[in-house]
Amino acid sequence: MGSISRAYALSELGEYGTAAQALRTELLESVSTGEWVALCEWIAGCLERVGKFDEAGGWYETAAELSLLELGTRPTSCASEALHFFELACLCYKQEGRVVSASRAAMLSRVLVTRCPTA
């Protein structure tokens, strides 16, 4: 939990790159899968703020994939959460000029909407 406190303090100081690294450490040490989605989202947000859009997109996709792992327990909210993360990933990839990655994230969003209409 020390890494989260450190990451928060670093974020408050505008040290987003260092905060992202502290969060990666927390993710590796965390045994609670419930925290993983939030940590991935936070890492992605920090990376966006330092202009690392391609890397941020990857973390948003990871958050989406982790959200989908919980579809059996809370289908509507998990699908909606995953859709949100795929859309954020797509925006990040577009900002970086990564057309193929943006297209893949957009396609995954469309598949999710088609397969889970409540998303």
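Laboratory data are not the source of any read-out in this text; all were calculated from the coordinates shown. No experiment lies behind these values; they were computed from the predicted model shown. In this analysis, Cβ positions are derived from the backbone assuming ideal geometry, glycine residues included, and neighbour counts consider all displayed protein chains.
Cα centroid separation, region 15-74 to region 90-119: 17 Å.
If you rank 67, 80, 32 by fewest surrounding Cβ atoms within 10 Å, what's the result? Don't jump to the answer; show the numbers that get you there.
Working: 67 24, 80 16, 32 7.
If I rank by nearby Cβ atoms, fewest first, I get 32, 80, 67.
3J(HN,Hα) couplings calculated from phi for region 5-12 with the Karplus curve 6.51 cos²θ - 1.76 cosθ + 1.60 (θ = phi - 60°) are, in sequence order, 4, 5, 4, 4, 4, 5, 4, 4 Hz; Gly and Pro show x.
Derived scalar couplings between HN and Hα for region 77-88 equal 5, 5, 5, 5, 5, 4, 4, 4, 5, 5, 5, 5 Hz in order, rounded to whole Hz, by the Karplus curve 6.51 cos²θ - 1.76 cosθ + 1.60 (θ = phi - 60°), x for Gly and Pro.
Over region 35-115, consider all pairs of different Cα atoms and compute the Kirkwood hydrodynamic radius from their mean reciprocal separation; express it in Å, one decimal.
Values: mean 1/r = 0.0818 Å⁻¹.
This gives a value of 12.2 Å.
Given the options 93, 63, 40, identify the residue whose Cα lies farthest towards the positive end of the charge dipole of the chain (+1 on Cβ of Lys, Arg; -1 on Cβ of Asp, Glu). Of the options given, the answer is 93.
Label positions at residue 110 and residue 9, each projected 7 Å from the Cα along the C-beta direction, are separated by 4.8 nm. Across the chain, the relative contact order, built from alpha-carbon pairs under 8 Å that are at least six residues apart, equals 19 percent.
Calculated [222 nm] ellipticity per residue, helices only, for the chain: -27000 deg cm²/dmol; basis is -39500 (n - 2.57) per DSSP H run with n ≥ 4, divided by all residues, nearest 500. Full extension of the segment from residue 29 to residue 77, taken as 0.36 nm per residue of separation minus the current Cα-Cα distance, would add 14.7 nm.
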